[in-house]
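Scroll down for the structure; my scribbles are underneath it.
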Amino acid sequence: MARVGGRWPEGNSEIGNLLRRNGLNAAGIGPVEAWPSSLRHIAEMVVNSRQPKFVAWGPELAFIYNDAYVAIFPDRHPAALGKPFQQVWSDIWPQFQPIVQATLDGQSQLYKELLVPMQREGRTEDAWFTFSYTPLRDDHGKVAGILCATMEVTDQVLAKRRERAALDESREKSATLAVVNRAGAAITAELNVDRLTQIAVDAGVALAGAEFGAFFYNVDDGEGGSYMLYALSGVDRRHFDRFPMPRNTKVFAPTFNGEGVIRSDDILLDPRYGQNAPHSGMPKGHLPVRSYLAVPVKSRDGSVIGGLFFGHSQPARFSDAVEASLVSLAGQSAVAIDNARLIRAAEVEIAQRREAEDQLRKLNETLEVRVAAEILERQQAEAALQQAQKMESIGKLTGGVAHDFNNLLQVISGNLQLLGKDVANSGRAKERISNALSAVERGSRLASQLLAFGRRQPLEPKVINIGRLVSAMDDMLRRSLGEEIEVETVVSGGLWNSFADPIQIENALLNLAINSRDAMDGAGKLTIEVGNAFLDDSYSRIHPEVAAGQYVVLAVTDTGSGMTPEVIEQAFEPFFSTKPEGKGTGLGLSMVYGFVKQSGSHVKIYSEVGEGTTVKLYLPRCFQSEDRIANGDNVPATGGAETILVAEDDEGVRATVVEMLTDLGYYVLKAKDAQSALTVIESGAHIDLLFTDVVMPGPLKSPELARMARERLPNIAVLYTSGYTENSIVHDGRLDPGLELLSKPYTREALARKVRHVLINRAERHQTNPVALPGSGRLRDVAKANLKLLLVEDDVLIRMDTAEILQDLGYDVIAPTAVNRASNSCARPI
């Protein structure tokens, strides 16, 4: 135990004298007299030690050190004695706090060559120490402080570093010598100029200790020089990509003129630098260059091949020895480049001769093949032309047939529907009428498929999301295919929009699904997938009928019997079918093909016998927002009391539709062609809807009739009908925007819905933008007067047409075949 009384601590140290003075009040532990014996014992040992040591004791870790420790922090002595450890070392406390805490937790620790930034003589300097930390326990065995024995090893650390630096320098010189040896051997042996110059630049950077180096090839542009970067070392090429090649300035000119070496310890201070008006020095963003060394590379004939350039961001980095080494390197490079050029020129000449000989040989060898290929190419072009002409002929044929055929079907269908009302109480008659109407529907479907294959059907494309459309068809497909067919629908996320006719998409998908059902004999799995696809240029080259780009792909895959390549080749031809007699028309895939081509899309079949079939429809991506698709089925199939003008050249169709509209409650006027319809319109009659056939004889066409009708009756609605529209209201296969079309043949219900739909749209349009019609509604008031008119007209046809029109308007018409003009007879009420 340390002595409590008498002289304490023993010894004549400076710190011992300070502790013996009265008044030292250590932080957290009070005056020396109050220190516990355990602390006094440790403190006496530390104070008399010749090794730098300190004790930190008590709740505030009062700092007690010895004379040897004073040399470590002379600026803090003697003020630090007895002060809290954290206060004394506040500048480095974040570094030492974990060490102190670990020691207080009972852990002994040793740190060798620990770097500690020290405040000495008013400045911070790096110092290295070896520390030993030991926990100290009080009289009760608890950790009450720490003991640290330390030694500053800064001189030793720095000596080690100098030793390592000297060793590194020696190694660097050896490496440089090795680089020189390797570069000389490599440059001499290399015949490729690109690799040769790269070897030279890499070696130059190593020799000079430059941060980067480059070889610029000298190109004469007739305007004082133009230089091309050939090789670069030390930095990435992107550092120079955004800068122009060097200009013929006072700094670069001596090198590219072959005048000699340019070496500058600081190029920014060189009088030649920045003398290239209107420019001034290096461009903004250029790598920093202070030390600069440039050596010309001259050919054996004295011309300058280019220059080796080296740079460093610090000044005075290139010595005389470096310059001499690089001059030697440039000379070796010049000789090697000259040799490589000579050999390359000889190789090029030999290669050109061989190429000419090979071309002559191949020309002779492939003449027959090229002639055959040329003939095949012409045959393919002729076949493509014949196919296009065949399609055009089929289109015209199907268009003409469809027009007349659909008119016939319309007369049959309309009269059957009207007849159905007359025999409503006869079960057998109704059954026969139903069978006949089914046959009409099949005939209509056949005509529609012919038009689809011939690309003559009127499309009504909209911006649609095919995924939503396919999902909405799920229930219908399952009902159509039967319970034995498992249907899986996969719609990719982030699906693009497409521009297509949604009705024709549905028809195409239904056709493909039914074909798949038949191929699976009524049992199997059908997978429908919708996703985004990109057709690249390579695909477009193989399939020249489709352009590369972004598409929405609709794929239908079955587990059926599959197809042979021969069947795939004919699959899209009309009336081609592998089904048994009477099981198919052979127009399903033809319709899909026609619709796809008419829509500017692409279709592809993938199939193997026994493995099933996948048919993919590629529809071009549309960047517009999705359209709202109106559902015409929501319009009630009811009639009304409006006035409808029917313009139809086919007498049977005209009579049928007039009766059907009259039966629906409408007041109907009729005309046999566009000119007659215009006469009715110009009579002043009130007309709510013009229901006109698209294709009618005569000079006045239906679109022109509709335009003139709207000029005279701004509130009139127009509904077109036709079995085949030609190009009157359909262009590029698409129905003109804003037009309404009811295709023949149509049912009474379809007629009722479409007429009601058009009239409702007209009413909504004119509620927003009403137009006053003078005299509107007077016609029926006049008709109710039961007036009689005498019609005098010499031309028989005009007399008959006018009489029919006036009768439709409600007049009682007298039209004698001959009248004595002298009698001054005139039409008057009788």
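We did not get these values from a lab; they are worked out from the coordinates using the rules stated. Quick caveat: nothing in here was measured; it's all calculated off a predicted structure. Virtual Cβ from ideal backbone geometry, glycine too; neighbours counted across all protein chains shown.
Can you list the residues, at least 5 places off or on another chain, whose amide H is less than 5 Å from the amide H of His543, using H built in the peptide plane?
The answer is none.
With labels modelled as points extended 7 Å from the Cα through the Cβ direction, what inter-label distance (nm, one decimal) is found for Asp139 paired with Met476?
Simple spin-label model gives 10.2 nm for this pair.
Regarding the stretch 72-156, what's the average projected area of the Cα-atom convex hull, expressed in nm²? Could the numbers behind the result be given before it?
On the way: hull surface 23.9 nm².
Taking a quarter of the hull surface, the average projection is 6.0 nm².
When N is the residue count of the stretch 274-336, what does its C-alpha Rg come to as a fraction of 2.2 N^0.38 Å? Could you put the intermediate results ahead of the total?
Working: Rg = 14.3 Å, N = 63, 2.2 N^0.38 = 10.6 Å.
Dividing the Cα radius of gyration by 2.2 N^0.38 Å gives 1.34.
Roughly what would the spin-label model give for Asp194 and Ser303, points 7 Å off Cα along C-beta, in nm?
2.2
Amide H of Ala144: which non-local residues (sequence gap of 5 or more, or other chain) have their own amide H closer than 5 Å, using H built in the peptide plane?
Leu136, Arg137, Asp138
Count charges around Pro135 for me, please; just the other residues with Cβ under 13 Å from its Cβ, Lys/Arg as +1, Asp/Glu as -1.
Details: positive: Arg137, Lys142; negative: Asp105, Asp138.
Summing Lys/Arg as +1 and Asp/Glu as -1 gives 0.
Within a Cβ distance under 13 Å of Glu488, other residues only, what is the Lys/Arg minus Asp/Glu net charge? Working shown, then result.
Working: positive: Arg478, Lys525; negative: Asp474, Glu486, Glu529, Asp558.
Around Glu488, the surrounding residues sum to -2.
Would you grab the residues whose amide H sits under 5 Å from the one on Leu669? Only those 5+ places off in sequence or on another chain, please, with H modelled 1.01 Å from N.
Those lying under 5 Å, H to H, from Leu669 are Ile644, Leu645, Val646.
Compactness ratio of the stretch 458-504: Cα Rg over 2.2 N^0.38 Å, N = residue count? Mind showing how you got there, number by number?
Details: Rg = 12.7 Å, N = 47, 2.2 N^0.38 = 9.5 Å.
Compared with the compact-globule rule of thumb, the stretch 458-504 sits at 1.33.
Assuming R0 = 41 Å, can you tell me the calculated FRET efficiency for the pair Leu342 and Lys160, based on Cβ-Cβ distance, to the nearest 0.05? If you can, show how the numbers build up before the last one.
Details: r = 55 Å, r/R0 = 1.34.
For Leu342 and Lys160, the calculated efficiency is 0.15.
How many angstrom lie between the Cα centre of the stretch 668-705 and the Cα centre of the stretch 529-561?
Each part reduced to its Cα centre gives a spacing of 46 Å.
What FRET efficiency would be calculated for the residue pair Ile92, Val369, taking the C-beta separation as r and a Förster radius of 60 Å, to the nearest 0.05? Kindly include the intermediate steps, with their values, before the conclusion.
Working: r = 87 Å, r/R0 = 1.44.
Efficiency, rounded to the nearest 0.05: 0.10.
Sorted by average packing, counted as other Cβ atoms within 10 angstrom per residue and highest first, what order do 524-536, 494-506, 118-130, 70-82 take?
Details: 524-536: 17.2, 494-506: 19.3, 118-130: 12.8, 70-82: 15.4.
Those peptides, ordered most packed to least, come out 494-506, 524-536, 70-82, 118-130.
Which log10 I(q)/I(0) values does the stretch 8-144 give at q = 0.12 Å⁻¹ under the Debye formula, counting every alpha carbon as one identical point scatterer?
Summing over Cα pairs of the stretch 8-144 leads to -0.47.
State, to one decimal in nm, how far the label point of Asn425 lies from the label point of Asp241, with both points 7 Å from Cα in the Cβ direction.
That separation, rounded to one decimal, is 9.2 nm.
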